[in-house]
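Novice: Please find one structure pasted underneath; my questions will follow.
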Amino acid sequence: MSDSCGAPVQGGTIEASTTETVLQGKVLADGTPVGGAYVRLLDSTGEFTAEVVSSPEGDFRFFAAPGSWTVRALHRTGNGQAAVSAEGPGIHAVEIAVA
């Protein structure tokens, strides 16, 4: 099932193949999951690449190429971002605190 922008439903668990690079994590405010945040993936030059909406549990996921990324969360309660170095395949955990 997809939302209206074509992004896959966020949350749940996946198993990444040996060739996939996955950036996966949670959006949190004071340690509490934040649902409904717009989570953006920016490449190493700061260019917008993709966007998803965090699940009610604050989960988000991007399939990306290996490299350096910035993941930014925008929510009515605040904004936050995290830098991610995903040098190879696998699931790379990301936690973003919004304030």
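Novice: Only residues that are assigned to a loop (DSSP other than H, G, I, E, B) and touching a Lys or Arg at 6+ places or on another chain (Cβ under 9 Å): list them for segment 56-74, please.
Specialist: 57, 58
Novice: Could you list all residues from segment 77-99 that are of a type outside the set (Gly, Ala, Ser) and either in contact with a Lys or Arg (Cβ under 9 Å, 6 or more places away or on another chain) or in contact (Cβ under 8 Å) with a residue 40 or more places away in the chain (or both)?
Specialist: Once the filter is applied, which keeps residues that are of a type outside the set (Gly, Ala, Ser) and either in contact with a Lys or Arg (Cβ under 9 Å, 6 or more places away or on another chain) or in contact (Cβ under 8 Å) with a residue 40 or more places away in the chain (or both), segment 77-99 yields 77, 79, 81, 84, 89, 91, 92, 94, 95, 96, 98.
Novice: Filter segment 55-81 down to residues that are closer than 15 Å to residue 23 by Cβ and hydrophobic (A, V, I, L, M, F, W, C) and give me whichever is surrounded by the fewest Cβ atoms within 10 Å (Cβ to Cβ).
Specialist: Applying the filter and picking the extreme gives 65.
Novice: While we're on this one: Of all residues in segment 35-55 being part of a loop (DSSP other than H, G, I, E, B) and without any contact (Cβ under 8 Å) to a residue 24 or more places away in the chain, which is farthest from residue 98 (Cα to Cα)?
Specialist: Per the stated criteria, the residue is 45.
Bear in mind that the values in this text are calculations on the coordinates, not laboratory data. Quick caveat, the model's predicted, so the values are computed rather than measured. Counting neighbours? That spans all protein chains shown, and the Cβs are built from the backbone with ideal geometry, glycine included.
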